Amino acid sequence: MPRARAQRRASNQIEKMKKVVTMDPSIWGRLPDELLDRIIAFLPLRTILALRPTCRRFRSFLSSPAFLSLLHSQYSPSYLLLSHPQFSDRCLPIYDSVADQWRSVSLPSSFADACSPSSVLLSSASGLLCFSLGRSALLVANLLTSSLKILPLPVYSASSPSAVTLVSFPSPSNSKRGYKIFLPSDSADAVFLYDSASLAWTRFSGFESVLRRGNPRQAGAFFEASLYFTTPEPFSVVGFDLRSGSWDIDAAPALPEDMAFVRLVGGDGRLYLVGGVGRDGISRSLKIWELVGRAWEELGRLPDMMCRKFVSVCYHNYSHVQCLWHEGLVCVCCTTWPEVLFYRVARATWHWLPRCPMLQEKWSCGFHWFSFSPDLFALV
């Protein structure tokens, strides 16, 4: 008998668990606005964006400082974005390192209308993307807020600009984020700097001619309010102060010896150096260093098997090598290869990120990678 009673009691509990308890819909209409904001802030971002057309209150969420603060405290993803000239319908693949999967993001129709088929993604920073619009203008866009701005170039360029560096930073007057755009001139010994605060380009002379002889496709590395660049051989580092517009030709200590190529990466408040070690322009190994004080401190060396693959991918043409920072990773990419080599700083380990499944097998060049962190506070 006790056993039978226990079985009936357990059966009754199971039946109670099966019953669905629904909330009276009228309760939602009586919730305070502050509580409703907190509840909606827990929804996935794509759901919040889908709710915007349903009513005036939902449409105002992305312009409400209080709601944006709630959302910003819970939502801070970051993706590795791949750009290729043959992607159709303005569709960009992104890699989610947390979920370890590839996804696809489509540019809103407003971007597609503003961009031309020849538009190229040049740079990214804190949720903002910078595209070229031919030889006369740039386009800065925020995918989350569907906002964009077209910036006429200060000088006519003989070719589509490629050495653009977009830098995002907090605005001193509010919680929004501003940005600056560094643009070397291909026709004058000068650089131009666009400031979103002043909405204007400023010309700075003294553009080091040694930089103009380097690879124009390499963007600057942002570190301590300056952009840092490497010069052609003999390799050295020069810096451009974004506040004063002045150049520093002695911005970093001498680089390690026997370098076949060098790249700089700025991230997490640090400056890293990626370089191939070898002679006569041929890399025998790949190493990474961090700038500590006035010295380069070696962090890691690429294992021999992985290095052989990297060398075979580049075929000793290092002008195609691009390096960037992405969420604790120093990424080494090649425009002629669809995979990414990355160094995880916290664990001091090297890995290959497999090719994106959305790529066609016949696509053999034109791969460009960017770190993309959606940010509702980034203003264009």
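No lab work stands behind these numbers, since they all come straight from the coordinates. Only a predicted model underlies this, so the values are computations on that prediction, with no experimental measurement involved. Methodologically, a virtual Cβ is constructed for each residue, glycine included, from the backbone with ideal geometry; neighbour enumeration extends over all protein chains shown.
General observations
- In terms of its Cα atoms, the range 76-372 spans 47, 45, 38 Å along the principal axes, sorted from long to short.
- Applying the criteria of a DSSP loop state and at most 16 other Cβ atoms within 10 Å to the trypsin sites (Lys or Arg not before Pro) of the range 226-307 yields ARG243, ARG294.
- Debye equation applied to the C-alpha atoms of the range 205-328, log10 I(q)/I(0) at 0.21 Å⁻¹: -1.33
- Shape summary of the range 220-276, radius of gyration then Dmax from alpha carbon positions: 11.1, 34 Å.
- Within a straight-line Cα-Cα reach of under 15 Å, LYS362 can be paired with the following aspartates and glutamates, leaving aside sequence neighbours fewer than 8 residues apart in one chain: GLU339.
- For the range 274-376: Kirkwood Rh in Å [reciprocal of mean 1/r, alpha carbons]: 14.8
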